[in-house]
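*Asks:* Below you'll find the structure I mean.
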Amino acid sequence: MDINQYNNMVLELKRGTQVLSVLSQLKNNQYGYSLLQALEEKKVMIEAGTLYPLMRRLESQGLLISEWDTSESRPRKYYRLSDEGLSVYHQLVNEWKNIVSDMDKLIREES
Amino acid sequence: MEKHCQRHGQADQGGIIMKQIIERYIYAVTKRLPENMREEVKEELGANIRDMMSENPSDEEIDRVLHGLGHPRELAKNYRGQDRYVISPLFYDDYIQVLKIVAVIFLAVTLVFGTIDAITNIEAQSIFGGIVKVFAEIVSHAFSSFASAFAWVTLIFWGIDYAARNKKWPEWKLSDLPDLPKPNTTKISRVESILGLVLGTAFSAIFLVFLIRYIHLIGIYENGELVVQIFNSQVTDQFIVFFIISAVIGFIVSLLKVNYGEWRIGLASIYTAHEILSTVLFLIFIHTEGLILYEAFARVGTYLDISASAVQGHFESGVTGLTVFISIMVGIDLISTWVKTLKAKKA
């Protein structure tokens, strides 16, 4: 199989986990780059060009709240989960667990 | 070299230039966004970019960070959230299919009218010049007709697509499914193509032999004696080489038809090219001034008791009628050929 096709499959697989990844790290305030680093530390790679727009989108959907901090020399926009965001996060975690257990069954049957 | 100067010789100025680069990058993103998002994205993206760099970033650092963010167009797309289309992927195949058919019909129709128009208004010194001129006119007609076919189909599909995205459509019905295509509609029957090859070749051969050797024998005979020659051989001689070329191409096209046995894009293209070439050539031929000798008109006039110029007038309107007829027939033939060809590719 073409290596590019394979990479696309992996990318496709990971894309579905992006929202969950982002929500999981936003119980406390984070700005764009600090969130990127927090995810990278845990080996979850989301490109900056994907992450920043995604945060904005989640905010417009009401899952995140943001505020500008202009007290320091570098103004930054901080995001954290809203109440709704927190409850959606818990629901998504449950969905994720279901997916993992369903997939596990499928994979174990195979091998 | 320039870069080198910026970094060492004029560090401050270089820094300003690189700051500008960042601003230009941000502008390249925000200008692609809806107005109400621009200001905020500008602030936030600027802050994010600064966070990703050191206080006084080097050129390489800026380069790395901006390339890491991706092409401004792509980043803008991510910010916008949803993909935007003139024709969405859902409708794209239908669009292309309709576009092909409409383009074929538009092209054929303009071909017909363009040919009639160009032939009846021919004003060239040489035959070659005439052919070139007629072709140039046909091509320019064809081009603008293709452009308008493209514009219309695109506009209409844009509308349909837009409506489909913004309106809930009734559930589709099983009866809406298309009928299965008739099998083998694209096949060229063997008998037809072989017959075409034989008859076409025979006809071309006879035509050419007459044109080359016996043109002076075609005329009006009285009591077994040639009284008046009909065709002006000085005119017909000029056409010989063009008719030979056309006959050879026609022969090759017929062979290809027998060989392939079905319509394909390549075959249909060659067929179309030859059809147009031979039609235009023949139409120019019958429109050439002085093709029929004036004495022949005069002779016919004496039989019918009318003047030679009246006979010539009738002949010319006959030629015009023939031109219209031939052009339309060729147009219809080409439309049906291309519809078959394009369907074949789909099935």
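*Asks:* Would you check if residue A:78 is surrounded by 12 or more Cβ atoms within 10 Å (Cβ to Cβ), under 27 Å from residue B:65 (Cα atoms) and in contact with a Phe, Trp or Tyr (Cβ under 6 Å, 6 or more places away or on another chain)? Show your work before the answer.
*Replies:* Working: surrounded by 12 or more Cβ atoms within 10 Å (Cβ to Cβ): yes; under 27 Å from residue B:65 (Cα atoms): yes; in contact with a Phe, Trp or Tyr (Cβ under 6 Å, 6 or more places away or on another chain): yes.
Considered against the rule, which asks whether it is surrounded by 12 or more Cβ atoms within 10 Å (Cβ to Cβ), under 27 Å from residue B:65 (Cα atoms) and in contact with a Phe, Trp or Tyr (Cβ under 6 Å, 6 or more places away or on another chain), residue A:78 comes out as yes.
*Asks:* Any residue at all in the stretch B:313-334 that is surrounded by 14 or more Cβ atoms within 10 Å (Cβ to Cβ), under 18 Å from residue B:235 (Cβ atoms) and in contact (Cβ under 8 Å) with a residue 40 or more places away in the chain?
*Replies:* Yes, the stretch B:313-334 contains a residue that is surrounded by 14 or more Cβ atoms within 10 Å (Cβ to Cβ), under 18 Å from residue B:235 (Cβ atoms) and in contact (Cβ under 8 Å) with a residue 40 or more places away in the chain.
*Asks:* Please find, among A:87, A:73, the residue that is more than 21 Å from residue A:16 (Cβ to Cβ) and not charged (D, E, K, R). Quick ask: steps written out before the conclusion?
*Replies:* Working: A:87 fails: more than 21 Å from residue A:16 (Cβ to Cβ).
Step by step, each of A:87, A:73 is checked, and only A:73 is more than 21 Å from residue A:16 (Cβ to Cβ) and not charged (D, E, K, R).
*Asks:* Shifting gears a bit: If I go through the stretch B:186-226 residue by residue, how many of them are at positive phi and assigned to a helix (DSSP H, G or I)?
*Replies:* Qualifying residue count, the stretch B:186-226: 0.
*Asks:* I would also like to ask the following. Given the conditions (1) away from chain B (no Cβ under 14 Å); (2) at pLDDT below 95, report the number of the one that residue A:96 does not fulfil.
*Replies:* Status for residue A:96: all satisfied but (2).
*Asks:* Continuing with the same structure: Scan the stretch B:158-173 and give yes if some residue there is crowded, with 16+ Cβ neighbours inside 10 Å, touching a residue at least 60 places away in the same chain (Cβ under 8 Å) and assigned to a loop (DSSP other than H, G, I, E, B), otherwise no.
*Replies:* Within the stretch B:158-173, not a single residue is crowded, with 16+ Cβ neighbours inside 10 Å, touching a residue at least 60 places away in the same chain (Cβ under 8 Å) and assigned to a loop (DSSP other than H, G, I, E, B).
*Asks:* Can you tell me how many residues within the stretch B:220-270 are of a type in the set (Ser, Thr, Tyr) and in contact with a Leu (Cβ under 8 Å, 6 or more places away or on another chain)?
*Replies:* Within the stretch B:220-270, the first condition is being of a type in the set (Ser, Thr, Tyr), and the residues that meet it are B:221, B:233, B:236, B:246, B:254, B:260, B:269.
Remaining after also requiring in contact with a Leu (Cβ under 8 Å, 6 or more places away or on another chain): B:236, B:246, B:254, B:260.
Summing the residues that are of a type in the set (Ser, Thr, Tyr) and in contact with a Leu (Cβ under 8 Å, 6 or more places away or on another chain) in the stretch B:220-270 gives 4.
*Asks:* Taking the condition at the interface with chain A (Cβ under 10 Å from one of its Cβ atoms), at pLDDT 85 or above and buried (at least 16 other Cβ atoms within 10 Å of the Cβ), does residue B:103 pass? Outline the logic, then answer.
*Replies:* On the way: at the interface with chain A (Cβ under 10 Å from one of its Cβ atoms): no; at pLDDT 85 or above: yes; buried (at least 16 other Cβ atoms within 10 Å of the Cβ): yes.
So residue B:103 does not fit the description; no.
*Asks:* Also: I need the full set of residues from the stretch B:186-231 which are over 30 Å from residue B:294 (Cα atoms), surrounded by 12 or more Cβ atoms within 10 Å (Cβ to Cβ) and of a type outside the set (Asp, Glu), in order please.
*Replies:* From the stretch B:186-231, those over 30 Å from residue B:294 (Cα atoms) are B:186-202; that's our starting set.
In the following step, the residues that additionally are surrounded by 12 or more Cβ atoms within 10 Å (Cβ to Cβ) were identified as B:186-188, B:192-197, B:200-201.
Hits for the stretch B:186-231 are B:186, B:187, B:188, B:193, B:194, B:195, B:196, B:197, B:200, B:201.
*Asks:* Continuing with the same structure: Inspect the stretch A:65-75 for any residue being away from every other protein chain (no Cβ under 14 Å), of a type outside the set (Val, Ile, Thr) and surrounded by 13 or more Cβ atoms within 10 Å (Cβ to Cβ) and give the result as yes or no.
*Replies:* As a first pass, look at the stretch A:65-75 and keep what is away from every other protein chain (no Cβ under 14 Å): A:65.
In the following step, the residues that additionally are of a type outside the set (Val, Ile, Thr) were identified as none.
Within the stretch A:65-75, none of the residues are away from every other protein chain (no Cβ under 14 Å), of a type outside the set (Val, Ile, Thr) and surrounded by 13 or more Cβ atoms within 10 Å (Cβ to Cβ).
*Asks:* Now a separate question. Please go through (1) hydroxyl-bearing (Ser, Thr, Tyr); (2) within 14 Å of chain A (Cβ to nearest Cβ); (3) surrounded by 13 or more Cβ atoms within 10 Å (Cβ to Cβ) for residue B:54 and return the number of the only condition it doesn't satisfy.
*Replies:* (3)
*Asks:* Is at least one residue of the stretch B:67-77 more than 9 Å from chain A (Cβ to nearest Cβ), surrounded by fewer than 16 Cβ atoms within 10 Å (Cβ to Cβ) and touching a residue at least 12 places away in the same chain (Cβ under 8 Å)?
*Replies:* Yes - at least one qualifying residue is present in the stretch B:67-77.
*Asks:* Restricting to the stretch B:240-287, count the residues that are in contact with an Asp or Glu (Cβ under 9 Å, 6 or more places away or on another chain) and among the charged types (D, E, K, R).
*Replies:* Going through the stretch B:240-287 one residue at a time, the tally reaches 2.
*Asks:* Continuing with the same structure: Of the residues B:74, B:55, B:44, which single one is touching a strand residue (DSSP E or B) at 6+ places or on another chain (Cβ under 6 Å), of a type outside the set (Gly, Ala, Ser) and over 30 Å from residue B:142 (Cβ atoms)? Before the answer, list the steps.
*Replies:* Numbers: B:74 fails: touching a strand residue (DSSP E or B) at 6+ places or on another chain (Cβ under 6 Å); B:55 fails: touching a strand residue (DSSP E or B) at 6+ places or on another chain (Cβ under 6 Å).
One residue alone meets the criteria, B:44.
*Asks:* Please enumerate the residues belonging to the stretch A:39-62 that are in contact (Cβ under 8 Å) with a residue 12 or more places away in the chain, farther than 16 Å from residue B:72 by Cα and buried (at least 16 other Cβ atoms within 10 Å of the Cβ).
*Replies:* Listed by number, the residues that qualify are A:39, A:44, A:46, A:55, A:58, A:59.
*Asks:* Here are some conditions: (1) under 22 Å from residue B:187 (Cα atoms); (2) touching a residue at least 60 places away in the same chain (Cβ under 8 Å). Residue B:250 meets all but one. Which one does it not meet?
*Replies:* Unmet condition: (2).
The values are calculated or read from the model by the stated rules, or taken from the named source; none is laboratory data. The structure displayed is predicted, hence computed values, not measured ones. Please note: Cβ atoms are built from the backbone with ideal geometry, for glycine as well, and neighbour counts cover all protein chains shown.
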